[in-house]
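Before any comments, here is the structure.
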Amino acid sequence: MSQSASSGPATSRILDVALAGTGGPREGVPPYGTRVFVPAHPRLPQSGPPIVDFELLAHTGGSAVPVAFTTLKLLVDALGDAQPWIAVALGAYAEAMRDAGLPSVRLDPAVDAAARGWRPQDLIDTYGGEEQG
């Protein structure tokens, strides 16, 4: 998020765009703090801060795009129940993707069944087994 030159609170650049000249949020643009579910791989290293690798999906235009789903059911329906994910605020996620030079986030995209890449065995192979309770 960006912060103005004054000592005021942090503001969102994405909200500036969504609200510009409209007198309020644009139709179809969820509020900044809306929780979304994103295909990702969170890791907790032995030292240092957590690391999250976000998955991008192939787009018909050929480039990879960031995606987010408004419900966990939509993510599972699109990518399968073995898909690793995290929940994040849509605005912060969209800003991070933009700051990384990526295309706009696709919200609740239709996903080709071939995009389902994760199987339960892949999770065990990649992350070393099931979680211990």
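Distance from the Cα centre of region 80-116 to that of region 40-63, in angstrom? Value for the Cα centre distance between the two parts: 10 Å.
Annotation: extensible slack from residue 127 through residue 43 equals 29.3 nm (criterion: 0.36 nm per residue apart, minus Cα-Cα distance).
Length gained on full extension, residue 99 to residue 87: 2.4 nm, using 0.36 nm per residue less the C-alpha separation.
Residues in region 78-123 average 54 Å² of solvent-accessible surface per residue, probe 1.4 Å, ligands and nucleic acids excluded. Ranked by the mean number of other Cβ atoms within 10 Å of their residues, highest first, the peptides 92-101, 46-55, 66-75, 105-114 come out as 66-75, 92-101, 105-114, 46-55.
Summarising the amide proton neighbourhood of residue 57: residues at separation of 5 or more, or on other chains, whose placed amide H is nearer than 5 Å comprise 65, 67.
The values are calculated or read from the model by the stated rules, or taken from the named source; none is laboratory data. Predicted model, so just to flag it, every value in this text is computed and none were measured. Using ideal geometry, Cβ is built from the backbone for each residue, glycine included, and neighbour counts are taken over all protein chains shown. These accessible areas exclude ligands, DNA and RNA; they are computed on the full protein's heavy atoms, side chains included. Shrake-Rupley method; radii C 1.70, N 1.55, O 1.52, S 1.80 Å.
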